[in-house]
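Participant: Dropping a structure here in structure tokens format, bear with me for questions.
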Amino acid sequence: MKTLLNCKYVRFGSVMMLLAGLIVLPVVLWQVVKLANNKSISYQTPQLVLPVPMPVYTNSLPIDKSFPSASASAMYIMDRQSGSILYERHSQDQRYPASTAKLMTAVVARKLYSLNQVIQIREEAFAQGSSAHFVLGEQITFQNLLYALFLPSGNDAALVLANHHPRGYQGFVAEMNKTATALHLNNSHFGNPSGLDVDQQMSTARDLAILANEVMKDVVLRQIVGTKQTTITDVSGKLKHYLVNTNELLGVVPGVVGIKTGTTDSAGENLVTEVDRDGHQIIIVLLGSQNRYNEASAIIQWVFANYQWRSIVSN
């Protein structure tokens, strides 16, 4: 009799445990699904460790002794892949950027317009300074405006892009300065999109190197700034503009792929350029030079004669 009673209790307990399990199981499953949806369950993935080629100065002379003579009042030489500074001189002193300011104009415009967007030329056809020689009323694509902005350094192209901002010219300039802040161009301020000298238009060799790096990340802009010459047309194909790049190093110094010149009486000769050799990308900024192309050529030779790249594992 006692054995039968114990069996009853055992069966009863088993049933109760089964029922409890059936009740608890959906709750547990619901919590798991909830955690998964909230992405609170994390999975450890192995971190990929890549070798970073770092430039190493190999000359026994101090850098200032081996560096070629240059008249530029401010300079900044940067290895793009590692971000290493190969040489700098007064790199954070403010200077007039002249038309190198168009680098920022292009970065801002790329956010506003699609490449095939058609824009009509208005009073910008009569811009002061360097020009692509647009015709009043001409309709042209944004992509062709970029060629006009960079190759002949068209101030008219810069004004077209600024004036068609949803908030007009001043809205575009405000966006230039907002973008400068976002890119941590700490000593730069823009007063116009073309680069004409005004008190509010200042930048530094360091800031322009960072800005150039941003431009060269853009596949479209990279192709445009590396174009030696081209012919663009309006949308009808009837109006043609033959454009030649102001950067005289293109097609002359091996590896030079752009990117922008700038010249005014107050700024002197400015040059932001990139040279790609042996898998290494070097950005060179010269401000206030009296002979920018010869100086840049000598600096390019100096870089590849005095630096070697060695892979260093970075976590």
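The values are calculated or read from the model by the stated rules, or taken from the named source; none is laboratory data. None of the values given here were measured: they were computed from a predicted structure. All Cβ positions, even for glycine, are placed from backbone atoms using ideal geometry, and neighbour counts span all protein chains on display.
Participant: Which of the residues spanning the range 152-182 are of a type in the set (A, V, I, L, M, F, W, C) and touching a residue at least 60 places away in the same chain (Cβ under 8 Å)?
Facilitator: Listed by number, the residues that qualify are 172, 176, 180.
Participant: For residues in the range 55-69 being touching a residue at least 12 places away in the same chain (Cβ under 8 Å) and part of a helix (DSSP H, G or I), which is nearest to residue 83 (Cα to Cα)?
Facilitator: Restricting to residues being touching a residue at least 12 places away in the same chain (Cβ under 8 Å) and part of a helix (DSSP H, G or I), the top hit is 63.
Participant: Residue check: is residue 172 among the aromatic types (Phe, Trp, Tyr), crowded, with 19+ Cβ neighbours inside 10 Å and in a helix (DSSP H, G or I)?
Facilitator: The answer is yes for residue 172.
Participant: Select from the range 135-151 the residues that are more than 21 Å from residue 247 (Cα to Cα), touching a helix residue (DSSP H, G or I) at 6+ places or on another chain (Cβ under 9 Å) and crowded, with 16+ Cβ neighbours inside 10 Å and list them in ascending order.
Facilitator: Scanning the range 135-151 gives 138, 140, 142.
Participant: Something else now. Quick check, is residue 145 modelled with pLDDT of 95 or more, within 24 Å of residue 216 (Cα to Cα), assigned to a helix (DSSP H, G or I) and of a type outside the set (Phe, Trp, Tyr)?
Facilitator: yes
Participant: Here is a follow-up. Determine, yes or no, whether residue 154 is touching a His at 6+ places or on another chain (Cβ under 6 Å), within 12 Å of residue 193 (Cβ to Cβ) and either of a type in the set (Gly, Ala, Ser) or surrounded by 24 or more Cβ atoms within 10 Å (Cβ to Cβ) (or both).
Facilitator: no
Participant: Now a separate question. Checking residue 159 against (1) surrounded by fewer than 23 Cβ atoms within 10 Å (Cβ to Cβ); (2) over 28 Å from residue 81 (Cβ atoms): exactly one of these is not met. Which one?
Facilitator: (1)
Participant: Can you pull out every residue in the range 257-296 that is crowded, with 19+ Cβ neighbours inside 10 Å and of a type in the set (Gly, Ala, Ser)?
Facilitator: 258, 262, 267, 268, 288, 289, 296
Participant: Another question, then. Could you please find all residues in the range 199-217 being modelled with pLDDT of 95 or more and exposed (fewer than 15 other Cβ atoms within 10 Å of the Cβ)?
Facilitator: Listed by number, the list holds a single entry, 217.
Participant: Determine if the range 281-289 includes at least one residue that is of a type in the set (Ser, Thr, Tyr), touching a strand residue (DSSP E or B) at 6+ places or on another chain (Cβ under 6 Å) and over 30 Å from residue 141 (Cβ atoms).
Facilitator: Scanning the range 281-289 turns up at least one residue that is of a type in the set (Ser, Thr, Tyr), touching a strand residue (DSSP E or B) at 6+ places or on another chain (Cβ under 6 Å) and over 30 Å from residue 141 (Cβ atoms).
Participant: Being within 19 Å of the chain's Cα centre (by Cα) and part of a helix (DSSP H, G or I): is that true of residue 108 here?
Facilitator: Taking the combined requirement at face value, the residue satisfies it.
Participant: Select from the range 272-315 the residues that are in contact (Cβ under 8 Å) with a residue 40 or more places away in the chain and within 17 Å of residue 216 (Cα to Cα) and list them in ascending order.
Facilitator: Correct list: 272, 274, 279, 280, 281, 282, 283, 284, 285.
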